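Asker: Dropping a structure here in structure tokens format, bear with me for questions.
The values are calculated or read from the model by the stated rules, or taken from the named source; none is laboratory data. Please read these numbers as outputs of a predicted model, since none were measured by experiment. As a convention, Cβ positions derive from the backbone with ideal geometry for all residues, glycine included, and neighbour counts pool all protein chains shown. Just so you know, the surface numbers come from the protein's heavy atoms only, side chains and all, with ligands and any DNA or RNA stripped out. Shrake-Rupley method; radii C 1.70, N 1.55, O 1.52, S 1.80 Å.
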Amino acid sequence: MNPNDKNTILVTCAPGLSEFLCQEVETLGYSIDAVLPAGAELQGDLYDVMRLNLHLRTAYNVLFLLKKFECHSPEALYREVKDFPWEEMISPQELLSVVGRIDTASIDNSMYANLKAKDAIVDRIFEKTGSRPDSSKDKTGVVVQFYWKGEHCRLFLNTSGLKLTDRGYRKMPHKAPLRESLAAAVIMATGYDGTVPLVCPMCGSGTLAIEAALIATRRVPGLLRSNYGFMHIKPFDDVAWREMRAAALKQSRKRGGKSDAKPAPIIATDIDPKAVEASRRNAMTAGVDHLISFEVCDFADTPLPPEPGIIVMNPEYGQRLGEIEKLRLTYQRIGDFFKQKCAGYTAYLFTGNLELAKQIGLRTSRRMGFFNADIECRLLKYELYAGTRKYPPASSDD
Ligand SMILES: C[S@@+](CC[C@H](N)C(=O)[O-])C[C@H]1O[C@@H](n2cnc3c(N)ncnc32)[C@H](O)[C@@H]1O
């Protein structure tokens, strides 16, 4: 396998994040062939794969197409998977994980399909080299992923391995943390670029504030991580990867290093001291603690730098945590906070409960759909006018 050979690259993301993913992929200079409900397809080689893994904030995995074929039975899967030169890609010393996504009448046991595909790969390597790689479920070595839908199967190398959204900085998760990729997309949706203050009351484990700090300083998120699936294949170009990382580091330093201009203030507060401690430590691990001011306080006492600025709040919404009745009052208080203390700011509320959001009592100027795991959520935007301008009242859909 030549690392310069181009093929389809499938980048996956959480449902609802494709728009943000495509924006990122296009900013990196690629054109998109297909936008999917939870991903995008483009063309590229193994160097493009490394670049995408390093730079994307909203992606889950970067998959590189190896082969596609018609498949009517587990035996056909074994035959077709075995008919690929795995010995050129995987050393017998590597750890192999095989993951199948199956939606076909040809088989109803996805574990069995995974086993057939894994056997095909290790049998082939054994026949060609005399030894076989161990297999594992932990996705820290070579990860092969296949999608078998109907009678069609596509076989990919999962070049990320573990999901890119697990950046590695969240050593201390607090209650109901947002995934890093979702938090990055929420920050992107606010249009934040580091030039105005960003305030995150109810910060929990600090994910929104940390992702904002990474975006403001153009820090390349993949620098936070040291292991990727593509590093474990034989054609991996270590020298090119080191150069790519060095260039990304230079870009981050130039734009956001301690000696350079800092972004406008980023403030993260929470009423729970343990949340603030978790946020502080997570920010330290991400290398952005010097860019964020932390404070333990009720959200309504969060200090606000002079406007204009952006507020992003992710209160509990009663599906997983908290009780609806108690939260009703919290949402009313958030509305009062917006009206009474945040004039001149643009506020965003991320919630999975639109009934509770009505308690804010302000008209939204935009409503964007997201999913948090399988919960349908909205990011609601409120323009909080400065001066004497009256707030538009909430309409029945707000
Ligand atoms: C859903 S969690 C936020 C999760 C966060 N976005 C993350 O990614 O980790 C809601 C947070 O609101 C905090 N909270 C609840 N009531 C509060 C209040 N009155 N003032 C400030 N924070 C509050 C909780 O302690 C909790 O950390």
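Asker: Give the dimensionless ratio obtained when the Cα radius of gyration of segment 128-174 is divided by 2.2 N^0.38 Å.
Answerer: Working: Rg = 15.4 Å, N = 47, 2.2 N^0.38 = 9.5 Å.
With N residues counted in segment 128-174, Rg over 2.2 N^0.38 Å equals 1.62.
Asker: Sticking with this structure for a sec: Separation between the Lys149 and Arg280 pseudo-spin-labels, each 7 Å from Cα along Cα→Cβ, expressed in nm?
Answerer: Distance between the two pseudo-spin positions: 4.8 nm.
Asker: Short version: ³J(HN,Hα) in whole Hz for each residue of segment 87-97, in order, from phi by Karplus 6.51 cos²θ - 1.76 cosθ + 1.60 (θ = phi - 60°), x for Gly and Pro, what are they?
Answerer: Listing the rounded values in order: 4, 7, 10, 10, 7, x, 7, 7, 9, 10, 10 Hz.
Asker: Taking 37 °C and 0.692 mPa s as the conditions, I'd like the Stokes-Einstein D for segment 1-59 in µm²/s, using the Kirkwood hydrodynamic radius from alpha carbon pairs. Intermediate values should be presented prior to the final figure.
Answerer: Numbers: Rh = 11.3 Å.
Approximately 289 µm²/s, per Stokes-Einstein.
Asker: Counting every Cα pair in the chain, what percent are over 42 Å apart? Provide the component values of the computation, followed by the final result.
Answerer: Numbers: 16693 of 79003 pairs.
Pairs farther apart than 42 Å: 21 percent.
Asker: Mind jotting down the three principal axis lengths of segment 31-184 based on Cα atoms? Whole angstrom, largest first.
Answerer: Largest first, segment 31-184 extends 45, 34, 33 Å along its Cα principal axes.
Asker: If Rh is defined by the Kirkwood formula over all Cα pairs and Rg also comes from Cα, what ratio Rg/Rh do you get for segment 195-300? Numbers along the way, then the final one.
Answerer: Numbers: Rg = 16.2 Å, Rh = 15.0 Å.
Radius of gyration over Kirkwood radius for segment 195-300 works out to 1.08.
Asker: I would also like to ask the following. Once phi is turned into θ = phi - 60°, what whole-Hz ³J(HN,Hα) does the Karplus curve with 6.51, -1.76 and 1.60 give for every residue of segment 26-39, x standing for Gly and Pro?
Answerer: Ordered by residue, 3J(HN,Hα) equals 5, 4, 7, x, 9, 9, 8, 7, 8, 9, 10, x, 9, x Hz.
Asker: Averaging the inverse of every distinct alpha carbon separation and then flipping it gives the Kirkwood radius. What is it for segment 201-240, in angstrom units?
Answerer: Details: mean 1/r = 0.0787 Å⁻¹.
It works out to 12.7 Å.
Asker: Follow-up question, since we're still on this one. Each label point is 7 Å from the Cα along the Cα-to-Cβ direction; what then is the distance between the points at Glu88 and Phe371, in nm?
Answerer: 3.7
Asker: So if each residue of separation counts as 0.36 nm, and I subtract the Cα-Cα distance between Ser73 and Asp336, what length gain in nm does that give? Let's see the in-between values first.
Answerer: Numbers: separation 263, 0.36 × 263 = 94.68 nm, distance 6.13 nm.
Extending this stretch completely gives an extra 88.6 nm.
Asker: Ok, one more. For a quick check: with amide H placed at 1.01 Å from N, whose amide H comes under 5 Å from Ile271's, ignoring anything fewer than 5 positions away on the same chain?
Answerer: Correct list: Met202, Cys297.
Asker: What base-10 log of the normalised intensity I(q)/I(0) is obtained for segment 231-366 from the Debye formula, alpha carbons as equal point scatterers, at q = 0.15 Å⁻¹?
Answerer: -0.88
Asker: At q = 0.15, 0.17, 0.24 Å⁻¹, what log₁₀ I(q)/I(0) does segment 119-205 have when each alpha carbon counts as one equal point scatterer in the Debye sum?
Answerer: Taking Cα atoms of segment 119-205 as identical point scatterers yields -0.82, -0.92, -1.27.
Asker: Tell me which residues come under 5 Å, amide H to amide H, from Gly100 once H is placed; ignore anything under 5 positions away on its chain.
Answerer: It is Phe146, by chain and number.
Asker: For Lys381, go through the lysines and keep the ones whose alpha-carbon is under 16 Å away, minus same-chain ones fewer than eight residues off.
Answerer: The reachable lysines, counting only those whose Cα sits under 16 Å from Lys381, are Lys339, Lys358.
Asker: Okay, moving on. What's the carbon and sulfur percent of segment 230-370's accessible surface, probe 1.4 angstrom, rounded to a whole number?
Answerer: Numbers: 3500 of 7020 Å².
Carbon with sulfur: 50 percent of the solvent-accessible area.
Asker: Taking a spot 7 Å from the Cα of Asp166 along the direction of its beta carbon, which residues of segment 272-294 have an amide N less than 19 Å from it?
Answerer: In segment 272-294, the label zone of Asp166 (backbone N under 19 Å from the point 7 Å along Cα→Cβ) covers 282-283, 285-286.
Asker: For Glu325 and Ser136, calculate 0.36 nm times their separation in residues minus their Cα-Cα distance, and state this gained length in nm to one decimal. Present the calculation step by step, with values, prior to reporting the outcome.
Answerer: On the way: separation 189, 0.36 × 189 = 68.04 nm, distance 4.62 nm.
Extending this stretch completely gives an extra 63.4 nm.
Asker: Take segment 290-372, compute every pairwise Cα distance, and split them into 5 Å bins from 0; I just need the percent in each bin.
Answerer: 3, 13, 25, 24, 19, 12, 4, 0
Asker: Something else about it: Just how far, in whole angstrom, is segment 101-176 from segment 309-378 if you go by their alpha carbon centroids?
Answerer: Spelled out, the Cα-based centre of one part sits 39 Å from the other.
Asker: I need the peptides 235-247, 131-143, 351-363 ranked by packing, meaning the mean over residues of other C-beta atoms within 10 angstrom, with the highest value on top. Display every interim value, and only then the final one.
Answerer: Values: 235-247: 13.2, 131-143: 17.1, 351-363: 19.3.
So the order, starting with the most tightly packed, is 351-363, 131-143, 235-247.
Asker: In straight Cα distance, which aspartates and glutamates are under 15 Å from Lys250, not counting same-chain residues fewer than 8 positions off?
Answerer: Within reach: Asp260.
Asker: Run down the lysines and flag those whose C-alpha is under 24 Å from the C-alpha of Lys67, throwing out any fewer than 8 positions away in its chain.
Answerer: Once the sequence-local lysines are set aside, what remains near Lys67 is Lys6, Lys82, Lys116, Lys118, Lys128, Lys137, Lys139, Lys149, Lys163, Lys234.
Asker: If we sort 276-285, 197-206, 21-30 on the protection proxy, mean other Cβ atoms within 10 Å, highest first, what's the order?
Answerer: Working: 276-285: 20.3, 197-206: 27.0, 21-30: 16.7.
So the order, starting with the most tightly packed, is 197-206, 276-285, 21-30.
Asker: Moving on. In whole Hz, what ³J(HN,Hα) sequence does segment 151-161 give by Karplus (6.51, -1.76, 1.60; θ = phi - 60°), x for Gly and Pro?
Answerer: After applying 6.51 cos²θ - 1.76 cosθ + 1.60, I find 10, 10, 10, 10, 10, 10, 8, 7, 6, 7, x Hz.
Asker: Oh, and also: Classify segment 316-364: rounded, prolate or oblate, from the alpha-carbon gyration tensor (a ≥ b ≥ c, eigenvalue square roots; a/c under 1.5 rounded; otherwise prolate if a/b is larger than b/c)? Show your work: numbers first, answer last.
Answerer: Numbers: a/c = 2.30, a/b = 1.88, b/c = 1.22.
Prolate.
Asker: Then there is this: Once each part is reduced to its C-alpha centroid, what is the distance from segment 274-288 to segment 54-88 in angstrom?
Answerer: Measuring centre to centre over Cα atoms gives 38 Å.
Asker: What is the calculated FRET efficiency for Leu28 to Ser106, with r their C-beta to C-beta distance and R₀ = 56 Å, to the nearest 0.05?
Answerer: Here the calculated transfer efficiency is 0.90.
Asker: May I pose another question? If you roll a 1.4 Å probe over the heavy atoms of the protein chains, what accessible area per residue do you get for the chain, in Å²? Show your work: numbers first, answer last.
Answerer: On the way: 17620 Å² over 398 residues.
The answer is 44 Å² per residue.
Asker: Which whole number in µm²/s is D for segment 8-113 by Stokes-Einstein, with the Kirkwood Rh taken over Cα pairs at 37 °C and 0.692 mPa s?
Answerer: Numbers: Rh = 15.7 Å.
Translational D for this selection: 209 µm²/s.
Asker: Further question on the same structure: As I understand it, the value is the acute angle between the Cα axis of helix 273-286 and the longest principal axis of the Cα atoms of the chain; what does it come to in degrees, rounded to 10?
Answerer: Taking the Cα atoms of the chain, the angle to 273-286 is about 50 degrees.
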